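The values are calculated or read from the model by the stated rules, or taken from the named source; none is laboratory data. What you see is a predicted model; the values in this text were computed from it and never measured. For neighbour counting, all protein chains shown are included, and Cβ atoms are generated from backbone atoms with ideal geometry for every residue, glycine included.
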Amino acid sequence: MLTMDVFKQDAFSAISMTEAVRRSQTIPGLLGRMNLFTPKRVRSRRVAVEMKGQQLNIIQTSEPGAPRTRRSNDKASVVDLRVRRIEESSMVTAEEIQGIRAFGSETELKQLQSEIAERQQGCIDDLSATRERLYLSCIDGILRDADDSVIYDYYQTFGYTKPAEIDFDWANATKVKKFVANNVKRPMIRAIGGSAPPSMRIIALCGDDFYDDLQENSEYKDQYKNTANASKLVEDTVFDAIDAWGVTWINYRGTDDNSKVAVGVDKVKFFPMGVRGLFQEAFAPAPTFDHVNTLGQEWYSRMLLDDKRQEWADVEIESHRLPICTRPEVLLSGNK
């Protein structure tokens, strides 16, 4: 018969449980699947972000033998940021494990490990939704917590002013290609500067009403009715994506309540995809002796035991991470 002492075995050590979580299945949201954020594994909770000017200088021509133009070294400034913790736990009581008995070829220990793995997976699912919410706020340039409070305003941190929202009047909009070029594409590409690769894509995450009204625009319909994309005009494109005017427009699907993790129904968020170093995510180690002076991992797990009464054990999952947008000036947003 199992007792609470079973949790003192190696199978339930912090190292073993963290390794089990690393191998577990996570269901990332759209931004997680895009792999936008480059992982940066650090050994402390403090992250230093170095900023250098990226202004291009036009060089005056000169005659042979004349003094050469010397490029001045950009002075770097350093901004210190702190990694944040997200965590959740699930309690296993002595009464619950008392009901576990060997069944078939499974041992009691294996059944208990399976139960703990289910608890871990439930926590991972919640934390994955939390991660997607962090990503969604980061691509808007202002990292927000679950209660919508500001963790970091990257515009303020890096010395920029957030651009005003672009007003898309889809019902009456004409010359849409020119409007998108002048208000989205050119400003974004110029803000990125020389680091904009040819393969860069501009992504627009759209709320439901914004996405639907875009497809009702007369110029959109006229542009695509005689093309290979004409089927999009009659297909159900809910939570789908369309390419128009040099932008990929995606009907963003968040949580089913369309509020906890969501783009506002009449809003849109623009960001470039494929710009090196634009979005990064720092991972710090868990603050325990098991992981001291090691590089941070995405998830950590451990068991916390009730040493006084031996009545329960907590299955804990935690992550010490910070999504960062290093160039918030390239981000844009709009409304319908």
TODO: Output the residues belonging to the range 287-316 that are of a type in the set (A, V, I, L, M), touching a residue at least 40 places away in the same chain (Cβ under 8 Å) and under 23 Å from LEU81 (Cα atoms).
DONE: LEU295
Open item on the list: Need the failing condition index for ILE142 against (1) under 23 Å from the mean Cα position of the chain (by Cα); (2) farther than 25 Å from ILE324 by Cα; (3) β-branched (Val, Ile, Thr), just the number.
Closed with: (2)
- [ ] Go over the candidates GLN297, GLN310 one by one and state the one that is surrounded by fewer than 22 Cβ atoms within 10 Å (Cβ to Cβ), modelled with pLDDT of 90 or more, not assigned by TED's automatic domain parsing to the domain that holds GLY264 and not hydroxyl-bearing (Ser, Thr, Tyr).
- [x] GLN297
TODO: Exactly one condition in (1) farther than 25 Å from GLU316 by Cα; (2) aliphatic (A, V, I, L, M); (3) assigned to a helix (DSSP H, G or I) is not met by ALA173; state its number.
DONE: (3)
Task: Residue count, the range 109-136 (criterion: touching a helix residue (DSSP H, G or I) at 6+ places or on another chain (Cβ under 9 Å) and among the basic types (Lys, Arg)) - done: 1
Task: Residues that are outside any helix (DSSP H, G or I), surrounded by 13 or more Cβ atoms within 10 Å (Cβ to Cβ) and not aliphatic (A, V, I, L, M), drawn from the range 146-170 - done: TYR152, ASP153, PHE158, TYR160, LYS162, PRO163, PHE168, TRP170
Task: Answer residue from the range 299-318, given it is part of a strand (DSSP E or B) and not hydrophobic (A, V, I, L, M, F, W, C) and is farthest from GLU281 (Cα to Cα) among those - done: ASP314
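Okay, residues lined up against (1) in contact with a strand residue (DSSP E or B) (Cβ under 9 Å, 6 or more places away or on another chain); (2) touching a residue at least 40 places away in the same chain (Cβ under 8 Å):
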{"site": "ARG186", "(1), (2)": "no, no"}
{"site": "PRO197", "(1), (2)": "no, yes"}
{"site": "LEU214", "(1), (2)": "yes, yes"}
{"site": "TYR220", "(1), (2)": "yes, yes"}
TODO: Examine the range 181-188 for a residue that is more than 13 Å from VAL268 (Cα to Cα), of a type in the set (A, V, I, L, M, F, W, C), at pLDDT 95 or above and in contact with a Pro (Cβ under 8 Å, 6 or more places away or on another chain), and state whether such a residue exists.
DONE: yes
- [ ] With respect to LEU331, determine if the residue is in contact (Cβ under 8 Å) with a residue 60 or more places away in the chain, touching a strand residue (DSSP E or B) at 6+ places or on another chain (Cβ under 8 Å) and surrounded by fewer than 21 Cβ atoms within 10 Å (Cβ to Cβ).
- [x] no
- [ ] Inspect the range 137-155 for any residue being free of Cβ contacts under 8 Å to residues at least 60 places away in the same chain, in contact with a helix residue (DSSP H, G or I) (Cβ under 9 Å, 6 or more places away or on another chain) and closer than 20 Å to TRP245 by Cβ and give the result as yes or no.
- [x] no
